[in-house]
Structure formats: structure tokens, C-alpha cells
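The values are calculated or read from the model by the stated rules, or taken from the named source; none is laboratory data. Bear in mind that the values here come from a model prediction, so they are computed numbers and not experimental data. Here the Cβ is made from the backbone with ideal geometry for all residues, glycine too, and neighbour counts use every protein chain on show.
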Amino acid sequence: MRRKKHLLFATFEDFDKARDVVSELKVLDLKEMVVENIELYSPIEHPEVEAILGEFHQPIQRFTFFGAITGAVCAFLLTAAAAQAMFTVQPQGGKAVIPLPMDIVIVYEGAILFGVLSTLAAFFIYSGMPRRLRKYYSQKVSEDQIGIEVQILPENKEKVRATLDKCGALEIREVIQ
Amino acid sequence: MDTHTMKDIEWAKINKDVLNSLEKPRKTFWVVIGVCALLVLCGAAAEAYQYQEGLGVALMNRPHFWQLYISNFVFWIGMSHSGTLLSAILLLTKADWRKPIYRFAEAMTLFSILTAAIFPVIHLGRVWDMYWVLPYPNQRTIWPNFRSPLLWDAAAITTYATSSALFLYIGMIPDLAICRDNAKGWRKKLYTTLSLGWMGRAREWMAFRKTYVLLACFLVPLAVSVHSIVASDFAMSIMPDWHITSFPPYFVAGALYSGCAAIITLFVMLRYIFKFEAYMTTEILDKTAKLTFAIAMVWNYLNLTEYASIWYSNDMFEKEVLLEKFFGPYALVVWVMLFCATVAPFAMAFEKFRHNMWAMFWLSLVIQLGMWLERFQIVSPPLASNHEPWTWNVVWPGAVQLTLTLASFGWFTMLFLTFCKVFPSVSMYEVKEMVFHRRKASSRSEMDDLQKIKEDMIKTEEGLA
């Protein structure tokens, strides 16, 4: 049977308080191993998010790179194959059957189109979207408050709650999933 | 409220102001929509008439196979340039003044490219055969000729329209989430679907930022390529006055110029209709005007270079067309164009003028008129006096072409204003970021000032001692 997740979701007034609470939780975790995961919700991108939560592994640019190469190759194959197919219908009169300078334009556009589409695919993969809204999601997070979601073991609930309270949480929601 | 006090706007107020604009625009909004709908109806009637009777009713005949439809196509493609291109460049250079205006500029790109895409279809006459341009296996075993700039156009415009739409949409997701959290009824359903469950999680923001910057990197060269390719439609022919090496950069500069003027027009319009006085400030207008002025000078330089290179080439056909342009039957168009696009923008050199919203609004319209005439004088006069004297003929666009031209303006404005009524035309999260960073910078400078005063006092005390 899947183990149930215990979560505490707290909202804070500003980024400074959110940073303080994450630091406090990390210190507490080092001492007593109470926190399983921390997630940060904010109305704008947190200016120091990686300093607080650590680096995120999101190699989106690799998708972009390989997408662009695939696009260029596909576009070249399309133009070359079309030129070959037309060869018997439309004689070239000594000109190249596959003319590179003209095809470069189509290849360029193909590279950009596939590059854009694969970047978009990577965005959906690494952001975990589309998804349903979490039940404990607070609308205040899209307005002017910062949300901290802490995944904990049930026995550590009070310690974490006390830390959140101490750091000035405006509201704390408890969730079992 | 001016931008130097924008740091004092509360985040909640930003949400409230922008969301209010979706519900309660001024009454002018409905008047403009009504007029535009009427223009679109007239255009639909003109197109139906042309469809029924054939292209002859548009007065297009040898040698004028290209006329207003192609001028309009180039004009609207040009208009689509500035929005996404400027948004992407200003994003990459981290210019924070773009934040309150980039959303509507990107929307302008999308709707002008959609308007532009209609004209090749209208121009074709045989609308029902339009799909022949698509490369697909068919029973005739005939493929489109990829060596033709017209095919490059189709590829470039499809790529540009897709990428611009995605760039606009991706940039809007955090705002759609804000709308979702505050909307009711059909709007709630729409925003819930489009926001894809965005919650503002750190990993979402990180992926968003990376994606947005990468898309911007693609869009800058793409926008340049699109208008260069449109220029190739002309430059790769052997027509005098079209076969010019500098046409691609000239077209790109012209596109940026008319696009910037369009941004100013829409800036003043939206500011009034949707009551965005606190966000669309004179400071931003001033910067946009300076940028427009700089681009105007680049365009002027390229225009003069074109005349000079034709003059000094001593090619009799080219020279003849140039002289015909200035002193022939189309002379009025060329002189009005030069006044509107070359002389009038010098008004933007004056700060007082740049800070006057309505003066800038009218000037931007004058510039756009100039740039529209520029496209007309590129297309029509060379056709009237080309290499074959027995085909020389001066033809002015008829009622059908003019009606469809007016309808395109109505169509664009109607789509654009409808977008602004349904989706937030000012980016809420980016304005919040701007406010946040400006507030932080100002408190940092206040701290520095205090520190300096403290140090001065210590020095003075030491001196006195």
C-alpha cells in the first residue's frame, strides 16, 4: 500500500521570511531529520531560489539543441526528396537537382520551428505541467504571498509547525494525501 | 502616476487593476469594436464580390498583377515585426521598462501576422486552390518548388506565427493562473484550462524562465529572417527598382519602424480604453519614442542608400523608374511618404513632444500612413514602367482593393481589442517583478546614502576634534 504523504503548507508575507523559514527548517533537519521535502510557491520568480533550495536539474537547452538539429535535417530531407521526386516531371536543364543555397532558407526555418517545439516539450516535462491544482493551493500565492510546502513524517508535525509559526506564517494548512 | 513611483504599487493592487480592465473598459471600447466590425463586414462583402466575379474587379491586369494586396501583405508582416522582436531583444538585454508593454506588443505581432496571412489568399483569386502551396504527397506527384521565395515566405510565416503564438502563450501562463484564481463562470473554465495547473512552484518558475529566454533567442533571428525573405520576393526578381541587394535590411528596418509606431498607437489607445495610466507611463512612452526615432534614422539612411545606389549605378531602366517615382504619376504618393516617414519623425527629437500622449498618438498614425505608402510605392510604380514599354500603364487601386485594405485594419483592431478584453494585456507578474526590484534597489540606495552621511559625520567630528 502506498504510504500517505503528510504535508504542511504555510504562507508568508515576503521573500525574506520565506528564506528564513527554509534556513530554519534545514538547520532543524540537519539536527533531527524531520523534513522530507520542501517546495516554494511564489507570485514572481524568487530572486535567490537556487541559493535556498539548491540547483534544479532542468536541461531544457539540450532539447532545444537536438530539436533544432532534427528540424534542420528533416527540412533538408523534405526539400531534397521533393526535388528528387520532381526530377522526372520537371527537368533541371543542367542545374543542381538538390540546390543547397536555396534549401538553406527552408532548413533554417525547419531548425527554428523544431527547436521551438522541442523547447516547449521540455518546458512541460520539467515543470510537471499540465497538472491539476493541489487542494491546499492558496490563491494568495498568485497575489502577494509566498507559500512553503513541507513534506514531513507525522511524528515531526509539531516541531515543523512550531518552526513555521516562529518565522511568522500567516496561515498553515495541514494535508494528508 | 509616474514610473518613478511605480515601486510603491502594492502587488495586490496590480492584480486588481489589470483584472478590472478585463471586466470594465471604457465605453469607447464598444464603439471601436462596432466600427471595426462594420469595416470587416464591408471587407467580407468586397471579397465575396471578387470571389464571384474574378480578380478583374480589383482592377489588376497586366502589368499590375501585384498591387494593394501585396502592399498590405508587406505592411502587415512589417507591423508584426516589432512586437515579438523588441520584446525578445529587451528581454535578453534585461530592459525592465518592457514589462508593462510587451504583452500587447506580442499580441500585436500575432494578430498582424494573421491579418497578413489573409492577403496572399485574397490575392490568389482562386482561393480554393490555396492548399497547393503545402508540401504533401499527391496523385499528381508535383511538389511545391522550394527554390521560390514565395515558398520560403510560406515556411517563414508559418514558423513565425507558430513561434510568436507560443512565445505569447508561454509568457502569459503565470498571468492566466492569476485570472483563474479570481474569475467566475466561463472565464474561470477558460483560464483553468489555459493555465495548465500553474501554481508558481519554484521548479515551474525555473523551467519557465529558461524556456522563455531560449524562445527569445530563437525569435530574434527568426523575425529578421521573415522580413528578409519577404524582401526576397522582390529582390530576387529582375524588375528595376526591386532587384536591389540592400532590400532585406531595408525591409527589416522599415518593418521595425512601422511596428514601433504601431506600438505607440496601441500604447496610447490601451492606456485610455483600459485605464492603464499607472502602468503605461510617460517614461515608457519616452523610451519607445526614442527607439522609434533611432530606427527611423536607420530606415532613412537605407532609403537614401537605395536612391544613391540606383543613381550612381547609371542603369537606364533603374534610373527611369526612380525618376518616374519622383516626378511621374505616382509622385504624390512618394512625396507624402517622404514627409510622413522622413520629416515628421523629427518631432520626436523634442522631449516635450515625446511626453505628450495624444501628440505621439497622431504622430504614430502619420508614420504608419507613411510606411503604408512606402509599401505601395515599392510595389506599384516599378510595375507601371518596367523593362517592356508596351506594357506601361498607370493603374490606381479600385474600390474592391481599398475596401479590403480598410477591412484589414478593422479586422486587426477587432481581434486585438478582443484579445485585450479576454486576456491581461499588461503582464501582472512581470510588473510585480519590476516593482520588487525597483523597491529593492531604492532601499539599497537609501541605505548607501545613510552610510555615507554617517561616514561624513564621523569625519567632521574627527576634524573638529
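I'd like to know if segment B:212-225 contains one or more residues that are more than 7 Å from chain A (Cβ to nearest Cβ), small (G, A, S), over 20 Å from the mean Cα position of the chain (by Cα) and buried (at least 21 other Cβ atoms within 10 Å of the Cβ). No, segment B:212-225 has no match at all. Here the condition is being more than 24 Å from B:T413 (Cβ to Cβ) and aromatic (F, W, Y); of B:W390, B:W372, it holds for B:W390 alone.
Candidates B:K440, B:K454, B:K432: the one that is more than 37 Å from the chain's Cα centre (by Cα), over 30 Å from B:S71 (Cα atoms) and not hydroxyl-bearing (S, T, Y) is B:K454.
Residues that are within 7 Å of chain B (Cβ to nearest Cβ), free of Cβ contacts under 8 Å to residues at least 40 places away in the same chain and part of a helix (DSSP H, G or I) within segment A:122-137 comprise just one, A:S127. Screening segment B:1-93 for helices (runs of 4 or more DSSP H) wholly inside it with 3 or more residues that are free of Cβ contacts under 8 Å to residues at least 60 places away in the same chain and away from chain A (no Cβ under 14 Å) returns the ranges B:28-53.
Looking for whichever is within 12 Å of another protein chain (Cβ to nearest Cβ), surrounded by fewer than 17 Cβ atoms within 10 Å (Cβ to Cβ) and closer than 30 Å to B:L134 by Cβ here; the options are A:A51, A:A75, A:A81. Which one fits? Residue meeting the stated conditions: A:A81. Here B:I310, B:I284 are screened, and the one residue that is within 20 Å of the chain's Cα centre (by Cα), in contact (Cβ under 8 Å) with a residue 40 or more places away in the chain and crowded, with 17+ Cβ neighbours inside 10 Å is B:I284.
Among the residues of segment B:383-423, those that are of a type outside the set (A, V, I, L, M, F, W, C) and modelled with pLDDT of 85 or more comprise B:P397, B:G398, B:Q401, B:T403, B:T405, B:S408, B:G410, B:T413, B:T418, B:K421.
If you go through segment B:171-207 and keep only what is facing chain A (nearest Cβ under 7 Å), out of contact with any Gly (no Cβ under 9 Å at 6 or more places or on another chain) and part of a helix (DSSP H, G or I), you end up with B:I178, B:D181, B:A202, B:W205, B:M206. Checking each residue in segment A:24-48 for being closer than 27 Å to B:E10 by Cβ and either at the interface with chain B (Cβ under 9 Å from one of its Cβ atoms) or part of a helix (DSSP H, G or I) (or both) picks out A:E39, A:L40, A:Y41, A:S42, A:P43, A:I44, A:E45, A:H46, A:P47.
Of all residues in segment A:38-60, those being in contact with a Leu (Cβ under 9 Å, 6 or more places away or on another chain), touching a residue at least 40 places away in the same chain (Cβ under 8 Å) and within 15 Å of B:G200 (Cα to Cα) number 4. Return the pairs, sorted by first residue and then second, in which the second residue is surrounded by fewer than 24 Cβ atoms within 10 Å (Cβ to Cβ), the first residue lies in segment B:371-383 and is among the acidic types (D, E), the beta carbons are less than 8 Å apart, and the residues are 6+ apart or on different chains. Listed by first residue and then by second, the contacts come to B:E374/B:M337. Scanning segment A:142-177 for residues that are under 27 Å from B:M428 (Cα atoms) and part of a loop (DSSP other than H, G, I, E, B) yields A:E143, A:D144, A:Q145, A:G168, A:A169, A:L170.
What residue, among those in segment A:98-121 that are in a helix (DSSP H, G or I), of a type outside the set (V, I, T) and at the interface with chain B (Cβ under 7 Å from one of its Cβ atoms), is farthest from A:F66 (Cα to Cα)? Looking at the filtered set, the residue picked out is A:M102.
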